[in-house]
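K.L.:
One structure follows; several queries about it will come next.
The values are calculated or read from the model by the stated rules, or taken from the named source; none is laboratory data. What you see is a predicted model; the values in this text were computed from it and never measured. Neighbour counts run over all protein chains shown; Cβ positions are idealised from the backbone, glycine included. Quick note on the areas: whole protein, heavy atoms, side chains included, nothing else; ligands and nucleic acids left out. Shrake-Rupley method; radii C 1.70, N 1.55, O 1.52, S 1.80 Å.
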Amino acid sequence: MTSWLLLATAGAATSAPEGGLFDLDATLPLMAVQVVVLTFLLNALFFRPVGRVVEDREGFINLSRTESKQKLAQVQRLEADLAEQLKGARQEAQQLIVEAEQEVDKLYREALALAQADANASRDHARREIESQREQALAALSKESDRLGDLIVNRLLAAQ
Amino acid sequence: MVPLPQLLPLAELEVGKQFYWHLGNFHLHGQVFLSSWVVIGALLALVVVGTRSMKRDPQGVQNLLEFLWTYIRDLAREQIGEKAYRDWLPFIGTLFLFIFVCNWGGALIPWKLIEIPNGELGAPTADINTTVAMALLVSLSYFYAGLSRKGLRYFEYYVEPTPIMLPFKIIEDFTKPLSLSFRLFGNILADELVVGVLAFLVPVIVPLPAMFLGLFTSAIQALIFATLAANYIGEAVHEEHH
């Protein structure tokens with residue numbers, strides 16, 4: 001850089017500068033220094049802080065995305081679990097209903113049979129009672145009729 | 001109607017006239033430094049305002065700065081490569097921002113309203129000293145980048161893929177800064193001259209297309225300079241896979 005500076009200024013320093021388009025002089029190294037200083041300033045004021053913010057955000061977004069993916073997977077797993085449980089519960093309930101229906105049916109049949117047997121027994125009993133009473137009555141009637149017949153016979157015989 | 005031959009020398013007069021400052025034995029182009037300080041001041045003001053209270057949810061100027069940062073990062077990463085771009089991001093970014101703001105400042109700020117004793121204010125990049133300074137910085141950077149990363153193996157680059165390339169690669173080391181500096185200098189100066197001459201001849205409406213074209217060229221030139229600088233550094237740090 002120094003040699004450039006010397007080279008550029010050697011011509012200009014000896015004679016009065018007359019300008020021109022390609023007038024290289026001490027502007028060159030100073031401008032280079034300015035650009036280097038600007039680079040460090042911008043690095044400290046712009047590139048590092050903004051880079052940190054942008055990359056922090058990118059990291060945050062990536063983290064949140066993986067987290068939410070995990071959560072979604074968990075939710076789906078739980079959902080499948082719950083669906084499974086629900087299916088089991090439904091089947092169990094169905095089973096219980098069927099069993100209860102069968103039991104009720106059985107109880108009904110038992111009660112019905114018992115009641116029928118009871119009714120049959122009391123009917124038989126009543127029939128037998130009627131039978132025996134009728135026989136008693138018949139016996140009493142035949143005895144009475146025998147007595148009356150005897151009486152009639154005796155009266156008729158006595159009258160002769 | 002003033003005859004043209006009288007007008008043209010007036011327009012010509014502005015070119016190459018310098019506002020000299022004397023610093024001991026050395027001469028400085030005062031107008032270049034004045035306008036570059038305005039540019040640097042504007043850049044630093046923007047950056048300081050934008051980074052004053054940065055939040056995770058960006059607001060206002062922070063949005064712009066973050067856009068610029070990601071834009072420059074993508075540029076540097078693409079040209080230099082994943083491994084080394086981080087070290088050179090500030091340099092590439094500073095080149096891009098400085099040249100961009102210089103060019104646009106030269107086109108947008110009404111410098112002509114400010115009178116200085118000799119010469120005139122304009123884009124600092126329209127002065128050959130500025131562009132050569134930056135081009136030489138780029139040369140130093142890519143030498144430093146290559147040497148610091150690969151040591152003396154950096155010079156293998158000169159004989160790859162064949163030793164026949166050696167003279168061309170050596171010439172390249174001279175043509176790189178030359179083309180970098182003259183491309184930028186020429187584009188910006190030519191743009192200023194075209195706008196100046198057009199504005200001098202027909203002061204209304206006619207210079208407008210040239211001005212818009214100038215804004216476009218200015219942005220492109222800043223991008224080209226930064227991209228090429230990053231590309232040279234990337235070439236220097238590139239690891240050949242044997």
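K.L.:
Per 10 Å bin from zero, what fraction in whole % of the C-alpha pairs of the range B:4-237 is there, up to the bin with the longest pair?
P.N.:
Histogramming the range B:4-237 at 10 Å steps yields 7, 26, 31, 22, 11, 3, 0 percent.
K.L.:
Take peptides B:136-142, B:76-82, B:111-117 and line them up by average Cβ neighbours within 10 Å, highest first, as a rough protection proxy. Intermediate values should be presented prior to the final figure.
P.N.:
On the way: B:136-142: 19.6, B:76-82: 18.0, B:111-117: 11.1.
Result, highest mean Cβ count within 10 Å first: B:136-142, B:76-82, B:111-117.
K.L.:
Quick one: with all protein chains in place, what share of the accessible area of the protein assembly as shown is carbon or sulfur, to the nearest percent (1.4 Å probe)?
P.N.:
Carbon plus sulfur share of accessible area: 65 percent.
K.L.:
Separate question: Let me cross-check A:F22: its accessible surface, 1.4 Å probe, with only protein heavy atoms counted, in Å² to the nearest 10?
P.N.:
130 Å²
K.L.:
While we're looking at this one, here's another question. Relative to the longest principal axis of the C-alpha atoms of chain A, give the angle of the C-alpha long axis of helix A:48-159, reported between 0 and 90° and rounded to the nearest 10°.
P.N.:
Helix A:48-159 sits at roughly 0 degrees to that axis.
K.L.:
Just how much of B:K55 is accessible, in Å², when a 1.4 Å probe is used and the result is rounded to the nearest 10?
P.N.:
Solvent-accessible area, nearest 10 Å²: 90 Å².
K.L.:
If you don't mind, there's one more thing I want to ask. At a Cα cut-off below 29 Å, give the lysines reachable from A:K71, other chains included and same-chain residues fewer than 8 away excluded.
P.N.:
Result set, ordered by chain and number: A:K87, B:K55.
K.L.:
Further question on the same structure: Before we go on, tell me the buried accessible area for the B/A pair, both chains summed, 1.4 Å probe, in Å² to the nearest 100.
P.N.:
Buried surface at the B/A interface: approximately 4100 Å².
K.L.:
Between the range B:217-238 and the range B:43-67, what is the separation of their alpha carbon centroids in Å?
P.N.:
Each part reduced to its Cα centre gives a spacing of 25 Å.
K.L.:
Using a 1.4 Å probe, what is the accessible area per residue for the range B:4-237, in Å²?
P.N.:
Values: 11550 Å² over 234 residues.
Per-residue value: 49 Å².
K.L.:
Rounded to the nearest whole Å², what accessible area per residue is found for chain A with the 1.4 Å probe?
P.N.:
About 79 Å² of surface per residue is accessible.
K.L.:
If you don't mind, another one. Note down the Stokes-Einstein diffusion coefficient of the range A:15-82 in µm²/s, whole number, using a Kirkwood radius over alpha carbon pairs, 4 °C, and 1.567 mPa s. List each step's numbers first, then the result.
P.N.:
On the way: Rh = 17.3 Å.
It comes out at roughly 75 µm²/s.
K.L.:
Based on the alpha carbons, how large is the Rg to Rh ratio for the protein assembly as shown when Rh follows Kirkwood?
P.N.:
Rg/Rh: 1.84.
K.L.:
For chain A, what number results from the quotient of the Cα radius of gyration and 2.2 N^0.38 Å?
P.N.:
4.22
K.L.:
Counting only complete DSSP H runs, which helices of chain B cover 27 Å or more along their long axis at the Cα atoms and score a mean Kyte-Doolittle of -0.5 or above?
P.N.:
B:30-50, B:61-80, B:85-108, B:128-150, B:166-201, B:207-237
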